[in-house]
Every structure is written in C-alpha cells, then in structure tokens.
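This report refers to the structure that appears directly beneath it.
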Amino acid sequence: MRVHFTSSLAALAFVSTLSVGSLSLAAPLHSSLFNQKYEGDVVNSSNPNAIVLGPSPSQAATFIDDHVVQGDSPFATAPSTDGNIMSYRAAPGGPRFRSSNWAATHSTGWTIETRLRIDDDFAEASGGAMQLVAGDGVQGDVLRIGQSKVATKTGTVVVSTADNTSDFHTFRVAVSHGVSGHEGDSIRVWRDDVLLATYPSGDFGTNLMFFGSAGGSVGGPSVHVDYYRWDNTGAYEPGVIPEPTSLTLLSLPGFAALLRRR
C-alpha cells in the first residue's frame, strides 16, 4: 500500500472551487472524508425481505436490498462480510442495493467512489458484473463495471478494457452542475485516479442511487466491495489521503479504517 499525505491541515479544511468554462469543479477530496460511507464491514440480515448493509459507528451510508419490492430475482450467493470486505453474487436480473439516505442535489453536484474486485468464477452478462445507477432528478447516469471493462452512458460506451479481476480497483463518478439550468452539466469517471471520460450529463428524472445487478444484462460473477462512499456537497476530483494529524482531529477510528485499506 502506498500512502500519500497532504502537507497541512489547511489543505484538508479548505475546499476551493475552480471555474472551467461553464462548469463548477470542486477541488480534490479523498473519499475517506465523504459525508456518506459504507465500509464493507456490516451485513444485517434480520429483515427476511431485505438485506441491510450498514450502518455501523464508522459509517453513515445505509443500503437496502429490496429485490422483493423491485421484482428482482434473489441472490445467487447472499451478501456476507469478513469485517472488512462485503461479498455477494447476483445472477443477471438479480438484486440491487438501494441507498435509503441518498440526497443528491443538482445545484451542488455530487461524487460517488467505490473500491471493488470482480471474480472470474462465473461468466458475466453482456453489460458486465455490476452497475452503479445514480441521479439527482435532473442529471445522472448508469456506470457498468465488468471483469475487463468500464462502460458509461447507461453502459453503452466502453471507456476501459483493463482487467478488474486480479486486484481491487477504485472507481469514481463526479457530476458537475452547469451555470445555467441543465446546460453545461458534466460527468467525469476515474479508475484508480486516472480520468477515463468526461461527457455531458443525460437527463435523469429520478432522485435515487443503487448498485448491484437489477437488470437482465448485468450480473454473473462474485463481487467484493471494500467500500462504497459518496458526497452530496460537490463534484470532487480524487484527492490524497490526509495527514495523520488532520485525521486525528476528525476521527481516530476513521484513520484506523484508512490504514486497513489496501
């Protein structure tokens, strides 16, 4: 694991905004500082019709598997965790994990980041192994991730054919709001902090966010999720890990969680 630290607390506490054309782009921010986090360490199966992911004292995000309500098929392998990584397998048309506290706002923009690995234990559907679906009622998109691909624009445009099975990889989506209405909205996608694509946002009339299968063209292999985090205060570029003294002021358990990440 290679760890980078910022040079000062000021770099952590201050988030500037850059104007590029008609876009408003927030300065870099590490996902450990996002305001909603699922850290892969909790699976609550007390509800017979839903599997709840989180929350725990170290995280704020809650995901609910509502495949019964949505009409999805059950899990091929039910979600489980070793206290660090959450694993599941969904066949095509299988369950989705829907956020119960997603609150994205078009006027501010938003960012999602997940770190995961996809097995090659089963063949994947044509759209990939899992998809990330998010929108704020005005703009949004569907990002599909497979064993050896990343696709944007509802999964129709392939922007990476790199292998996602041999190790964990980090995927980030940042949605920026234009200065006038829907014009100028932009979506950017990164894999391991490398920008893969920047493109205009499509219309997305529903305010929701989920990940998983939830479609006949997505699913198949096992998926291992290290974390799933988002922030609804801006469209952030990938940032470096804050220095230990800064994290101590914020949260000692938060820093411990960072150190265990690969």
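Which of the residues belonging to the range 93-112 are part of a loop (DSSP other than H, G, I, E, B) and either β-branched (Val, Ile, Thr) or closer than 13 Å to residue 223 by Cβ (or both)? Result: 94, 95, 105, 108. For the range 201-241, taking the residues that are under 24 Å from residue 78 (Cβ atoms) and of a type in the set (D, E, K, R), the one that is farthest from the chain's Cα centre (by Cα) is identified as 226. When 189, 175 are screened for being in contact with a Phe, Trp or Tyr (Cβ under 7 Å, 6 or more places away or on another chain) and not in a loop (DSSP other than H, G, I, E, B), only 175 passes. Do you know which residues across the range 67-84 are modelled with pLDDT of 70 or more and in a loop (DSSP other than H, G, I, E, B)? Answer for the range 67-84, where residues must be modelled with pLDDT of 70 or more and in a loop (DSSP other than H, G, I, E, B): 72, 73, 74, 75, 76, 82, 83, 84. Restricting 99, 80, 148 to those that are of a type in the set (S, T, N, Q) and without any contact (Cβ under 8 Å) to a residue 24 or more places away in the chain reduces the list to 148.
Inspect the range 121-136 for any residue being of a type in the set (Gly, Ala, Ser), under 25 Å from residue 233 (Cα atoms) and part of a loop (DSSP other than H, G, I, E, B) and give the result as yes or no. Even if it seems obvious, please write down each step before you answer.
If we filter the range 121-136 for residues that are of a type in the set (Gly, Ala, Ser), which is where we start, we get 123, 125-129, 134-135.
Imposing the further condition that a residue be under 25 Å from residue 233 (Cα atoms) reduces the set to 134-135.
Imposing the further condition that a residue be part of a loop (DSSP other than H, G, I, E, B) reduces the set to none.
Looking for residues that are of a type in the set (Gly, Ala, Ser), under 25 Å from residue 233 (Cα atoms) and part of a loop (DSSP other than H, G, I, E, B), one finds none in the range 121-136, hence no.
Here the condition is being surrounded by fewer than 19 Cβ atoms within 10 Å (Cβ to Cβ) and at pLDDT 90 or above; of 166, 180, 251, it holds for 166 alone. Filtering 48, 57 for residues that are over 24 Å from residue 91 (Cβ atoms), out of contact with any strand residue (DSSP E or B) (no Cβ under 9 Å at 6 or more places or on another chain) and either in a loop (DSSP other than H, G, I, E, B) or modelled with pLDDT under 55 (or both) leaves a single hit, 57. Considering every residue within the range 74-91, establish whether at least one is over 20 Å from residue 215 (Cα atoms), among the polar types (S, T, N, Q) and touching an Asp or Glu at 6+ places or on another chain (Cβ under 8 Å). Yes; the residues of the range 74-91 include at least one that is over 20 Å from residue 215 (Cα atoms), among the polar types (S, T, N, Q) and touching an Asp or Glu at 6+ places or on another chain (Cβ under 8 Å).
The values are calculated or read from the model by the stated rules, or taken from the named source; none is laboratory data. Quantities reported herein were computed from a predicted structural model and do not represent experimental measurements. Don't worry about glycine lacking a Cβ; one is built from the backbone with ideal geometry, like all the others, and counts go over all protein chains shown.
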